[in-house]
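To keep things clear, I will list the structure first and then write my remarks on it.
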Amino acid sequence: MAKAKTIFECIECGHQESRWLGRCPQCGAWNTMEESLPVRSVSKSGSKIFRSSVKSVSVGLDSIHVDDGVRYDTGIIEINRVLGGGIMKGSSILLGGEPGIGKSTLMIQLAGSVKTDGNILYISGEESAKQIKMRADRTGVTGVNIEIFIETELELLLGEMEKTKPAVVILDSIQTVISEEAGKVPGTVNQIKYCGHELISWCKQNNSSLFFVAHVTKEGVIAGPKVLEHMVDTVLYFDHIESGLRVVRAVKNRFGTIDELGLFLMNEHGLQEVTDPSSLFLTKRKDEMPPGITAVPVYEGTRVLMIEIQALVVPAKSGFSRVYSDRIDSNRISRIAALLEKHTGLKFFDHDIYINVAGGIRLNEVGIDLAVAGALYSARTGIPFPGATATAGELSLAGEILPIPHMDRRLKTAREMGFPRFIGPSLPGKKNSKNSDHKEISHIKEYVKTVFKG
């Protein structure tokens, strides 16, 4: 028998070369080329992997009908929100997160609450059936239609799936699955690509929904080749922030938006949905706000969250100023500080700037510009921002305050959270409001005069 040809494959992007290279020519990563064997079509035992006997034929676009039952309701509002309304039938979803964050807990709770027209097959390659049962008891899951299958060999997994025909398959985790077709070591680039492709193909052809649980690297990205993220329909990251809040965020979603957040808190009964998220990002104070604090209504997906932005400005100790901000882009902070210097005469070039977001959530929305400007001016001058007042708006490089989307909903949420007064741009398509609770401004100079009385 001819000896199989050795190839070298990049563990970051999956690029293959016939010889070892110090740097991958595809993604540019160093020391990521590892020796592997090409995928074979038949295993040593002669058993073939799953191949559909149904030939694919083309269909007209107008002849395709989509009914209302194209999605499964997960029974978890926050997961439905992130997925775009529920689990799309026949879709594949990749969930990544740090060890111990609660990926398996989330999956067993989802298995116990999802409303399907068939059974759920929960496959585990890391835990025993008793461990899964203990977690189910702790979280209150009574799985009448949940089948537990403990196995890591791909061919046996496909055989069980072919026998049970589940509506939803949960695999915890993809890095444990192994096939002789792709080598003898689990978790390699070949194994993840090959096993992932076979499982996704089976689920699409049988209209079953598939959840992959995946490990992450020390850099916080899903371990394995990037091609796995391209193969699935949805990629979810399960992360936690400083307040103890668990956040599910979609970075790819073929069937919905990627702007939504799913918010959870972990307790002894598992993951609990957060019904009032704005209260987690605001600090309750009996007295007036100290200098450097502003509140801003931030639009995340389909809901508005009230977020507290905190600023500290102190004389620079190293001879030149620095910006310390890991929740808001430091380049944006520098730009807003430069606008304040230009239009108000307040100097920041000899001061260090520290910016924090209460609760530890990351903010990217342009609507926070005005709140950051208010926090910086307040911290630099020592003048507190007016109490019970929220602010939001985008700043141009000319100092103009530009309108932002969803102003009506921002104003409504701010009032509900105890901020009846609002300072920001005018409402698009409406005349200037005569209501004193909404002060409409158009320039950063006017903003400083209005807020800080001069």
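The values are calculated or read from the model by the stated rules, or taken from the named source; none is laboratory data. This one's a predicted model, so the numbers in the text were calculated from it and none came from an experiment. Virtual Cβ from ideal backbone geometry, glycine too; neighbours counted across all protein chains shown.
From the list 394, 416, exactly one residue is in the same structural domain as residue 321 (by TED's automatic domain parsing), more than 25 Å from residue 331 (Cβ to Cβ) and among the acidic types (Asp, Glu). Which is it?
On the way: 394 fails: more than 25 Å from residue 331 (Cβ to Cβ).
None of the others qualify; the one that does is 416.
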query = Across region 376-390, which residue is surrounded by the fewest Cβ atoms within 10 Å (Cβ to Cβ) among those that are of a type outside the set (D, E, K, R), in contact with a Pro (Cβ under 9 Å, 6 or more places away or on another chain) and within 13 Å of residue 452 (Cα to Cα)?
reply = 382
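Residues checked against (1) under 25 Å from residue 280 (Cα atoms); (2) in contact with a helix residue (DSSP H, G or I) (Cβ under 8 Å, 6 or more places away or on another chain); (3) in contact (Cβ under 8 Å) with a residue 24 or more places away in the chain:
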position: 307; (1), (2), (3): yes, yes, yes
position: 319; (1), (2), (3): no, no, no
position: 329; (1), (2), (3): yes, no, yes
position: 332; (1), (2), (3): yes, yes, yes
position: 343; (1), (2), (3): no, yes, yes
position: 370; (1), (2), (3): yes, yes, yes
position: 373; (1), (2), (3): yes, yes, yes
request  = Scan region 295-334 for residues that are in contact with an Asp or Glu (Cβ under 6 Å, 6 or more places away or on another chain) and over 25 Å from residue 383 (Cα atoms) and jot them down.
outcome  = 301
remark   = Sole miss for residue 285 among (1) more than 16 Å from the chain's Cα centre (by Cα); (2) under 30 Å from residue 306 (Cα atoms); (3) of a type in the set (Lys, Arg); (4) surrounded by 16 or more Cβ atoms within 10 Å (Cβ to Cβ) is condition (4)
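Looking for whichever is out of contact with any Cys (no Cβ under 9 Å at 6 or more places or on another chain) and of a type in the set (Val, Ile, Thr) here; the options are 227, 274. Which one fits? Don't jump to the end; show me each part of the working.
Details: 227 fails: out of contact with any Cys (no Cβ under 9 Å at 6 or more places or on another chain).
Selected residue: 274, the only one of 227, 274 that is out of contact with any Cys (no Cβ under 9 Å at 6 or more places or on another chain) and of a type in the set (Val, Ile, Thr).
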Residue, modelled with the highest pLDDT, within region 118-146, restricted to residues that are part of a loop (DSSP other than H, G, I, E, B) and among the β-branched types (Val, Ile, Thr) = 141
message = Here's a check for you: in region 19-45, which residue that is among the small types (Gly, Ala, Ser) and under 22 Å from residue 186 (Cα atoms) is modelled with the lowest pLDDT?
response = 45
inquiry  = Can you tell me which condition residue 246 does not meet? The list is (1) buried (at least 20 other Cβ atoms within 10 Å of the Cβ); (2) basic (Lys, Arg); (3) farther than 27 Å from residue 88 by Cβ, and all the others hold.
reply    = (3)
